[in-house]
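Engineer: Let me begin by handing over the structure; questions about it come next.
The values are calculated or read from the model by the stated rules, or taken from the named source; none is laboratory data. Bear in mind that the values here come from a model prediction, so they are computed numbers and not experimental data. Please note: Cβ atoms are built from the backbone with ideal geometry, for glycine as well, and neighbour counts cover all protein chains shown. Protein only, heavy atoms only, side chains kept; ligands, DNA and RNA dropped before computing areas. Shrake-Rupley method; radii C 1.70, N 1.55, O 1.52, S 1.80 Å.
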Amino acid sequence: MRHKIKGILAFALAAVLALAAVPTGVTTTADAAGEYTAPYTTLRVGLYVYNSSDGSPTQKSFPSANLMNAKGLGSGYELGYFDTNRDFHSLGVFLSQTEITMLMDRTMVYNAGSNSYSEGSEGSVVVGCVHLKLDGSYDTYTAAKAVADGYEDGFVRYENGKFYVLVGQYVSSAKASEARDSRGLNATVDSGTSHTVTVVKSRTNQILFEYDCGTASSLAVKPMAPEGVKAQTWFKGCKYYGAFSYLRNTGGNLTVVNYVDVEDYVKGVVPYEMSASWPREALKAQAIAARTFVMANITKHRSSGFDVCNTTDCQAYHGTEVEGGARATSDSDAAVDETRSQYLVYKGTLCDTSYYSSNGGASENSENVWTAKLDYLRGVLDPYEKNIAGSVSNYYWTKTYTPASLGQRLRDMGRNSGDVVRVELTFTDVGNVYSVTFIDVNGRKNTASKSSAKSILGLRSQRFTVNGLGPAEDAGVVYVNGGVPLENGLDGVCAVGGAGTAELPSGDVYAISGSGTVDKVDTAAVTQKGGVGVNSAGNFVFSGSGWGHNVGMSQWGAYSMAKYYGKTYLDILTFYYTGAQVTTSVRKQEQQYYPAPDAGTVSTDPEPTEPPTPTDPETTEPETSTPVAADAPTEDDPPLTGVPSETGGPEDEGTGDGADGETAPGLEG
């Protein structure tokens with residue numbers, strides 16, 4: 001039967017179908033929704049490399065991390081740090097290089113194939129981590145740089161509030177000591193700490209700067225751009241707004257954090273969670289959901305030194321463009337601009353605006369999927385998805401198990417089970433599966449409820465049936481005989497005909513669905529509280545619809561509401577988030593910029609000058625800079641595409657037109 005209900009059957013002439021009300025003209029406004037003030041205007045986003053197939057992080061930290069100014073959108077970098085208010089403090093260090101690489105301060109070797117650095121001491125480009133630290137300190141970068149420029153291999157380190165001059169780079173303390181003696185320098189052998197970050201000119205061993213303030217602060221790199229241009233920067237195949245910070249949380253690899261304005265962040269989420277070609281009102285709904293979600297989850301990764309990550313563990317965030325893939329467009333940016341500072345609240349409290357690809361016909365109560373009951377996350381029957389069901393890839397799906405393979409699946413999931421001989425399902429009020437019970441050949445039962453009912457079977461949503469038995473996709477609750485729901489199967493059910501009321505006769509029973517289709521009823525499938533049970537008669541075929549966790553907004557539903565029903569973003573949000581309202585937040589003070597005590601000048605590659613102390617021509621120190629051909633091969637990350645997951649991202653997203661002829665940094669860029 002295709003037209004099932006919550007195990008409750010409607011009979012001809014006696015059934016009144018009660019569907020969730022479909023809003024025809026929601027007039028919710030953005031007023032009187034209770035005030036909300038976002039705690040920050042700048043977000044800290046941890047930039048992971050992620051698995052494009054399932055959204056899981058594959059790399060959370062890096063031995064090296066490249067930055068490259070986007071063509072025409074960058075002109076070097078300013079170095080400094082962010083304080084606890086997320087304000088940028090300049091150190092007066094201005095680098096004219098358009099490509100730089102940050103390293104953990106260990107002896108590192110450049111790998112041309114991956115365009116990255118890794119630990120090692122053998123190779124054509126080696127960055128030594130042992131240096132000679134000259135006596136004395138300086139209050140400004142300009143003063144320290146003037147001294148460092150007197151050495152062919154000199155550079156400046158900022159360390160706990162002071163600037164120091166360092167000379168040379170060696171692979172061991174013994175080598176450094178030999179060089180100090182041969183050069184006659186008043187210096188100590190120094191190898192930094194587990195928090196030191198080294199900045200080099202990409203693809204060389206030329207050290208431009210070092211930073212070490214322990215756990216007090218981390219190096220921040222603020223891209224510069226021509227006047228009137230908003231800087232954009234490539235990192236690991238994605239182009240971002242904002243600045244970058246480099247943490248060595250565990251004393252090892254670098255954690256890269258993007259400091260970005262919340263509106264620019266949302267512009268970097270919308271086209272990767274929803275195709276930028278979709279209707280404007282759907283994009284606006286997505287923008288508000290994304291903006292609200294990040295603020296509601298702003299402490300999720302606090303212990304790691306940032307607010308949220310860039311994977312679907314939080315939200316897919318890839319900046320303005322993915323090389324060779326999707327990109328922000330004027331439409332997706334406009335959706336963000338037109339909803340600037342708007343958030344979704346419920347009774348004055350920020351909503352946790354979860355969303356997903358599609359629900360298959362009904363969303364679900366939060367407590368029926370996860371644990372907490374949130375009054376604005378209520379399950380509703382969704383009549384809008386029917387308009388897109390036939391055009392969305394894998395909207396309807398099936399998965400088949402034999403008794404043996406189903407038993408093996410349960411064992412793989414940590415359950416004790418033999419071959420399964422019976423499967424029983426129970427359903428929620430809107431027809432999604434609440435629990436699934438497996439009974440094996442020994443009579444042993446295994447039950448999985450809520451989201452586990454889906455995951456234990458490896459299914460795409462909680463809206464499914466087994467061997468054709470289960471709730472209908474278009475009928476959540478059916479009332480019979482004056483509005484009394486069937487809770488006890490067919491016991492005592494009467495059919496009303498022209499001759500009056502009569503007991504249900506024996507023999508075959510037929511039911512008429514809300515759409516008028518008449519089907520023969522399998523009376524054995526109708527059990528108390530809407531459950532169905534299926535004995536093994538070969539295979540267990542699980543058939544369902546939708547993709548995602550079903551809590552909150554359906555992205556394909558939003559698409560359909562905007563495209564086929566002319567609904568606004570307010571209509572969309574208030575349909576999927578029960579009782580919620582949109583409010584406009586007053587932005588707090590914008591991010592502040594604090595210049596260095598001395599303005600400094602743009603630092604270019606200096607012409608080599610004679611150092612003030614004699615050097616030994618037979619020194620064993622490495623060359624200052626060993627360039628690599630500009631066209632050296634790189635190994636780029638695979639193109640990123642939006643893959644629906646438990647946090648959203650409708651499938652079949654549009655893709656961009658590439659990177660305007662640029663080659664973004666490779667695996668470490």
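Engineer: Is it the case that GLY458 is loosely packed, with under 15 Cβ neighbours inside 10 Å and at pLDDT 95 or above? Before the answer, list the steps.
Structural biologist: Values: loosely packed, with under 15 Cβ neighbours inside 10 Å: yes; at pLDDT 95 or above: yes.
Taking the combined requirement at face value, the residue satisfies it.
Engineer: Can you pull out the residues in the stretch 222-254 that are among the basic types (Lys, Arg) and not in a strand (DSSP E or B)? Can you show your working first?
Structural biologist: The first filter runs over the stretch 222-254 and keeps only residues among the basic types (Lys, Arg), leaving 222, 230, 236, 239, 248.
Scanning the stretch 222-254 gives LYS230, LYS236, ARG248.
Conditions tested, residue by residue: (1) over 15 Å from GLU78 (Cβ atoms); (2) modelled with pLDDT of 95 or more.
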{"site": "SER173", "(1), (2)": "yes, yes"}
{"site": "GLU178", "(1), (2)": "yes, yes"}
{"site": "ASP212", "(1), (2)": "yes, yes"}
{"site": "GLU227", "(1), (2)": "no, no"}
{"site": "SER245", "(1), (2)": "no, yes"}
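Engineer: Also: Take the residues in the stretch 125-155 that are of a type in the set (Asp, Glu) and farther than 21 Å from SER173 by Cα, then tell me which one is most open to solvent (accessible area, probe 1.4 Å).
Structural biologist: Keep residues of the stretch 125-155 that are of a type in the set (Asp, Glu), which gives 135, 139, 149, 152-153.
In the following step, the residues that additionally are farther than 21 Å from SER173 by Cα were identified as 139, 149.
On the way: ASP139: 109, ASP149: 57 Å².
Once the filter is applied, the top-ranked residue is ASP139.
Residue-wise test of (1) part of a loop (DSSP other than H, G, I, E, B); (2) without any contact (Cβ under 8 Å) to a residue 60 or more places away in the chain; (3) surrounded by fewer than 16 Cβ atoms within 10 Å (Cβ to Cβ).
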| position | (1), (2), (3) |
| --- | --- |
| GLY390 | yes, yes, yes |
| ASN394 | yes, no, yes |
| ARG409 | no, yes, no |
| GLY418 | yes, yes, no |
| LEU425 | no, no, no |
| SER435 | no, yes, no |
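Engineer: For the stretch 206-249, how many residues are β-branched (Val, Ile, Thr) and either without any contact (Cβ under 8 Å) to a residue 12 or more places away in the chain or more than 28 Å from SER194 (Cα to Cα) (or both)?
Structural biologist: Here the count works out to 1.
Engineer: Are there any pairs, at least 6 apart or on different chains, whose C-beta atoms fall under 8 Å, with the first in the stretch 338-359 and more than 16 Å from ALA287 (Cβ to Cβ) and the second part of a loop (DSSP other than H, G, I, E, B) and among the acidic types (Asp, Glu), and if so, which?
Structural biologist: Correct list of pairs: TYR346/ASP375; GLY348/GLU35; TYR356/GLU646; SER357/GLU651; ASN359/ASP382.
Engineer: Which condition number does THR204 fail, the rest of (1) part of a loop (DSSP other than H, G, I, E, B); (2) β-branched (Val, Ile, Thr); (3) open to solvent by 30 Å² or more (accessible area, probe 1.4 Å) being met?
Structural biologist: Going through (1) part of a loop (DSSP other than H, G, I, E, B); (2) β-branched (Val, Ile, Thr); (3) open to solvent by 30 Å² or more (accessible area, probe 1.4 Å) one by one, THR204 breaks only (3).
Engineer: Residues in the stretch 221-232: is at least one open to solvent by less than 10 Å² (accessible area, probe 1.4 Å) and of a type in the set (S, T, N, Q)? Don't jump to the end; show me each part of the working.
Structural biologist: Within the stretch 221-232, the first condition is being open to solvent by less than 10 Å² (accessible area, probe 1.4 Å), and the residues that meet it are 221.
Checking which are of a type in the set (S, T, N, Q) leaves us with none.
For the stretch 221-232, residues open to solvent by less than 10 Å² (accessible area, probe 1.4 Å) and of a type in the set (S, T, N, Q): absent.
Engineer: Follow-up. Among the residues of the stretch 437-451, how many are outside any loop (DSSP other than H, G, I, E, B) and either open to solvent by less than 50 Å² (accessible area, probe 1.4 Å) or over 30 Å from VAL380 (Cα atoms) (or both)?
Structural biologist: If we filter the stretch 437-451 for residues that are outside any loop (DSSP other than H, G, I, E, B), which is where we start, we get 437-440, 445-449, 451.
Remaining after also requiring either open to solvent by less than 50 Å² (accessible area, probe 1.4 Å) or over 30 Å from VAL380 (Cα atoms) (or both): 437-440, 445-446, 448-449, 451.
Adding up the residues that qualify gives 9.
Engineer: Another one. Of everything in the stretch 373-388, what is outside any helix (DSSP H, G or I) and farther than 20 Å from TYR36 by Cβ? Give them in sequence order. So that I can check it myself, show each step before the final result.
Structural biologist: Of all residues in the stretch 373-388, those outside any helix (DSSP H, G or I) come to 373-383, 388.
Listed by number, the residues that qualify are LYS373, ARG378, GLY379, VAL380, LEU381, ASP382, PRO383, ILE388.
Engineer: Checking the conditions here, which among THR98, THR29, THR41 is out of contact with any Asp or Glu (no Cβ under 8 Å at 6 or more places or on another chain) and at pLDDT below 95?
Structural biologist: On the way: THR98 fails: at pLDDT below 95; THR41 fails: out of contact with any Asp or Glu (no Cβ under 8 Å at 6 or more places or on another chain).
None of the others qualify; the one that does is THR29.
Engineer: From the list ALA225, ALA231, ALA287, ALA220, exactly one residue is closer than 30 Å to GLY168 by Cα and small (Gly, Ala, Ser). Which is it?
Structural biologist: Details: ALA225 fails: closer than 30 Å to GLY168 by Cα; ALA231 fails: closer than 30 Å to GLY168 by Cα; ALA287 fails: closer than 30 Å to GLY168 by Cα.
Only one candidate passes the filter, namely ALA220.
Engineer: Still on this model: Can you pull out the strands (runs of 3 or more DSSP E) entirely within the stretch 68-110 that have at least 1 residues that are touching a helix residue (DSSP H, G or I) at 6+ places or on another chain (Cβ under 8 Å)? Give the steps one after another, and end with the answer.
Structural biologist: On the way: elements: 77-82, 88-95, 99-104.
Strands (runs of 3 or more DSSP E) meeting the threshold: 88-95.
Engineer: In a strand (DSSP E or B) and on the phi > 0 side of the Ramachandran plot, is that true of GLY168? Please lay out each step first, then the result.
Structural biologist: Details: in a strand (DSSP E or B): yes; on the phi > 0 side of the Ramachandran plot: yes.
It is true that GLY168 is in a strand (DSSP E or B) and on the phi > 0 side of the Ramachandran plot.
Engineer: For the structure I just gave you, tell me whether SER357 is hydroxyl-bearing (Ser, Thr, Tyr), buried (at least 24 other Cβ atoms within 10 Å of the Cβ) and more than 18 Å from LYS567 (Cβ to Cβ).
Structural biologist: Numbers: hydroxyl-bearing (Ser, Thr, Tyr): yes; buried (at least 24 other Cβ atoms within 10 Å of the Cβ): yes; more than 18 Å from LYS567 (Cβ to Cβ): yes.
Taking the combined requirement at face value, the residue satisfies it.
Engineer: Filter the stretch 172-190 down to residues that are open to solvent by 60 Å² or more (accessible area, probe 1.4 Å) and either without any contact (Cβ under 8 Å) to a residue 12 or more places away in the chain or outside any strand (DSSP E or B) (or both), then give me how many there are.
Structural biologist: 7
Results for (1) among the hydrophobic types (A, V, I, L, M, F, W, C); (2) open to solvent by 30 Å² or more (accessible area, probe 1.4 Å); (3) at pLDDT 95 or above; (4) farther than 23 Å from SER354 by Cβ, shown as yes or no for each residue.
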| residue | (1), (2), (3), (4) |
| --- | --- |
| VAL532 | yes, no, no, yes |
| SER560 | no, no, yes, no |
| LEU573 | yes, no, yes, no |
| TYR576 | no, no, yes, no |
